[in-house]
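To start, the structure under review is shown below, and the notes come after it.
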Amino acid sequence: MSTQVDRDWFYRHNGKKIEIYRLKRGESKVRTDGVLSSGADELIYPDETITNGLRIEYTAFINPFVSSDPESTKDSANSAVTAPEETTHVNLNRMLGLAIVSYIRAMLAEAAGDIQKKEYYMRDFFKKISDNESNKRNVSISSAIGPFAVR
Amino acid sequence: MTVLELMERSGSDNTNLTIAWIKDAVNLIQSNTKHDLKTETITITENTKSYEPAADLMAIDNISILDTQADQYKRIRRLAFPPTVTVDNSP
């Protein structure tokens, strides 16, 4: 039975694989001279089988193209399109759609050999992605006004 | 936005190439942000340390282990360095 997994279990990336280790706490032993000695902790392989025991949350290439407008259709109600055409919708909101416009412009500039223009549009692409991320977080910052400040 | 609208806005006239660039851009978005997360569960086997994640994995957000006593998944920490192996199973 696995307990305290957040304290005793660890993972490590190794190439394409994920390695799982469990921390085995050192066991105390009584030596022949009667002194209590504590053993060292060690990392061991999982010592039990746990059905669906490992859960990985990750980003993936999930349905980039859908049949209906993602801004007017719920994601669960939208169906994926595997062979996209000109009429197919891109499964992104408007801000990320505009980011993709910048990306395509950057690629067109690169194909035309204009690297400066490409860099400009790539910067615009990443700026729009970060704008989209910051739209999800509203943070208010307040600071104290000094007692002698002009009001 | 439709593929056609993206083509018109960017001035591209090649549909197949534009679709390929859209896929690249979505890849970049997913690599840099958590726009869409997927979850996968794998059975942990006794005495087995290596597990293969899904083939479509781009970036790991978090890894959890099932605490069978509490019946909850709990996030685990990442080892920054390989541990010293004293006893190993045959590969």
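In table form, for the structure just shown:
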| item | result |
| --- | --- |
| Residue match in region A:99-114 (condition: within 30 Å of B:Asp67 (Cβ to Cβ) and buried (at least 20 other Cβ atoms within 10 Å of the Cβ)) | no |
| Condition broken by A:Val81, with the remaining ones in (1) more than 17 Å from B:Val3 (Cβ to Cβ); (2) more than 9 Å from every other protein chain (Cβ to nearest Cβ) satisfied | (1) |
| Filter result (facing chain B (nearest Cβ under 7 Å), in contact with a Ser or Thr (Cβ under 9 Å, 6 or more places away or on another chain) and crowded, with 17+ Cβ neighbours inside 10 Å) within region A:8-22 | A:Trp9, A:Ile18, A:Glu19, A:Ile20 |
| Subset of region B:35-55 (residues that are surrounded by 15 or more Cβ atoms within 10 Å (Cβ to Cβ) and of a type in the set (D, E, K, R)) | B:Asp36, B:Lys38, B:Glu40, B:Lys49 |
| Per-region count, region A:118-143, residues of a type in the set (Phe, Trp, Tyr) and more than 10 Å from chain B (Cβ to nearest Cβ) | 1 |
| Lone unmet requirement of (1) closer than 30 Å to A:Glu19 by Cα; (2) modelled with pLDDT of 95 or more; (3) not charged (D, E, K, R) for A:Val101 | (1) |
| Counted residues, region B:9-34 - those being facing chain A (nearest Cβ under 7 Å) and surrounded by 13 or more Cβ atoms within 10 Å (Cβ to Cβ) | 17 |
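The values are calculated or read from the model by the stated rules, or taken from the named source; none is laboratory data. From a predicted model like this one, the values you see are computed outputs, not experimental measurements. Please note: Cβ atoms are built from the backbone with ideal geometry, for glycine as well, and neighbour counts cover all protein chains shown.
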